[in-house]
1. Does Phe167 count as within 26 Å of Glu105 (Cβ to Cβ), out of contact with any Leu (no Cβ under 8 Å at 6 or more places or on another chain) and surrounded by 15 or more Cβ atoms within 10 Å (Cβ to Cβ)?
2. Can you run down the residue pairs with Cβ atoms below 8 Å, 6 or more apart or on separate chains, where the first is in the range 85-101 and within 18 Å of Phe59 (Cβ to Cβ) and assigned by TED's automatic domain parsing to the domain that holds Ser63 and the partner is surrounded by 13 or more Cβ atoms within 10 Å (Cβ to Cβ) and among the acidic types (Asp, Glu)?
3. Restricting the search to the range 115-158, which residues are assigned to a strand (DSSP E or B), hydrophobic (A, V, I, L, M, F, W, C) and in contact (Cβ under 8 Å) with a residue 12 or more places away in the chain?
4. Take the range 85-108 and flag every residue that is of a type outside the set (D, E, K, R) and within 12 Å of the chain's Cα centre (by Cα).
5. Do you know which of the residues in the range 56-84 that are touching a helix residue (DSSP H, G or I) at 6+ places or on another chain (Cβ under 9 Å) and over 26 Å from Glu127 (Cβ atoms) is modelled with the lowest pLDDT?
6. Take Ile121 and tell me if it is under 19 Å from Val178 (Cα atoms), among the hydrophobic types (A, V, I, L, M, F, W, C) and surrounded by 17 or more Cβ atoms within 10 Å (Cβ to Cβ).
7. Filtering the range 170-192 down to residues that are among the hydrophobic types (A, V, I, L, M, F, W, C) and surrounded by 14 or more Cβ atoms within 10 Å (Cβ to Cβ), which residue is farthest from Val129 (Cα to Cα)?
Amino acid sequence: MNRKNKIKKKVKVREKRISLGPFKILGLTLVLMLGGFFAIASAYLTTEGIKRVKSSPYFYVKSLKINGTKVVPESKIIAIIKNGRESLNIFDVNPVRVRNELLKEGWIKDAVVQRIFPDTIHVEVQERVPIARIHLAEGEYLVDEDGIVFSKSSREFQNLPLLLGEFNRQDLSSVKKVIDEYTGVSNSYPKEIVFDASTIRITDLSGILVTLDREDL
């Protein structure tokens, strides 16, 4: 049996070294340096550009348009918009912040705040409509159509029905329905609405008493 000699072939692989040369290295370095310079310059110019735009007299607020107010003074709304500033740039006005501050005012049910470029702020206000009065520990307050107790009452609202007795949040939300049903039947406006465990007693200015079952509401 013939033995086969295994011949190991050694293959020499020559490593090829890439040589950029001094000029190519210098060129690559310059490209990287210029790229970094332009990146920094671009960021700086963008920041400065934004600052210049925001400080430009072209964007100073020249007109404040406020609609929908009957009770809330416009001066109070303007003070909220300005937020302590004498001169106002339109970019200084944050519509979300202004709206949130306006909604803290008891009389304001909703508000829409818009920036109209280049120099106008428009505020549309929806005020609450009081339909009844209620006695609380702190005094007499107003109740709106949604059953929200929102502001202290005054003499000009003494003609509104006075809510008495034991009532909860659901009872307050049903006050408008009670008033509407009563005025629809009697053609007069309630003077007092008294809630008890099972009934609602309504008295008008003429002294007529009407009793409603709570379960009917």
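The values are calculated or read from the model by the stated rules, or taken from the named source; none is laboratory data. Given the structure is predicted, the values throughout are model-derived calculations rather than measurements. So basically every Cβ, Gly included, is an ideal-geometry build from the backbone, and we count neighbours across all protein chains shown.
1. Yes; evaluated as a whole, the condition is true for this residue.
2. Note: pairs meeting the criteria are Arg85/Asp92; Ile90/Asp119.
3. Within the range 115-158, Ile121, Val123, Val125, Ile131, Ala132, Ile134, Leu136, Leu142, Val143, Val149, Phe150 qualify.
4. Asn94, Pro95, Val96, Val98, Asn100, Leu102, Leu103
5. Looking at the filtered set, the residue picked out is Phe59.
6. No.
7. The selected residue is Val178.
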